[in-house]
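Structure record follows, encoded as structure tokens.
No lab work stands behind these numbers, since they all come straight from the coordinates. Every value quoted in this text rests on a predicted model; they were computed, and no experiment measured them. Here the Cβ is made from the backbone with ideal geometry for all residues, glycine too, and neighbour counts use every protein chain on show.
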Amino acid sequence: MAEEVRAEMVANVWKIVVADGDQVADGDTLAILESMKMEIPVIAESSGTVSLKVAEGDVVQEGDLIAVIG
């Protein structure tokens, strides 16, 4: 079953660490969000192939889809 990775707060997508289609493991950093001058890592909670749904510079709202790991 695919895992949806969602934003936990309103933030800017500062940096994408993985590429679309990369294999990731539980605990890998997928992206780094920036909010109020703080960097917040987005961590994979399962292993699989990542499908990114955001790009660097995007603004995400709480609950927005960042990636799907399948």
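For every residue, the table says whether it meets (1) farther than 14 Å from Glu8 by Cα; (2) among the charged types (D, E, K, R); (3) under 10 Å from the mean Cα position of the chain (by Cα); (4) surrounded by 11 or more Cβ atoms within 10 Å (Cβ to Cβ).
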{"residue": "Asp26", "(1), (2), (3), (4)": "yes, yes, no, yes"}
{"residue": "Glu34", "(1), (2), (3), (4)": "no, yes, no, yes"}
{"residue": "Val42", "(1), (2), (3), (4)": "no, no, yes, yes"}
{"residue": "Ser47", "(1), (2), (3), (4)": "yes, no, no, yes"}
{"residue": "Leu52", "(1), (2), (3), (4)": "yes, no, yes, yes"}
{"residue": "Val68", "(1), (2), (3), (4)": "yes, no, yes, yes"}
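Taking the conditions exactly as written (closer than 11 Å to Gly70 by Cα and loosely packed, with under 12 Cβ neighbours inside 10 Å), does Gly21 satisfy them or not?
Details: closer than 11 Å to Gly70 by Cα: yes; loosely packed, with under 12 Cβ neighbours inside 10 Å: yes.
The answer is yes for Gly21.
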- What are the pairs, 6+ residues apart or on separate chains, where a residue within the stretch 12-38 that is of a type in the set (Phe, Trp, Tyr) has its Cβ under 7 Å from a residue that is exposed (fewer than 12 other Cβ atoms within 10 Å of the Cβ) and part of a strand (DSSP E or B)? Trp14/Glu39
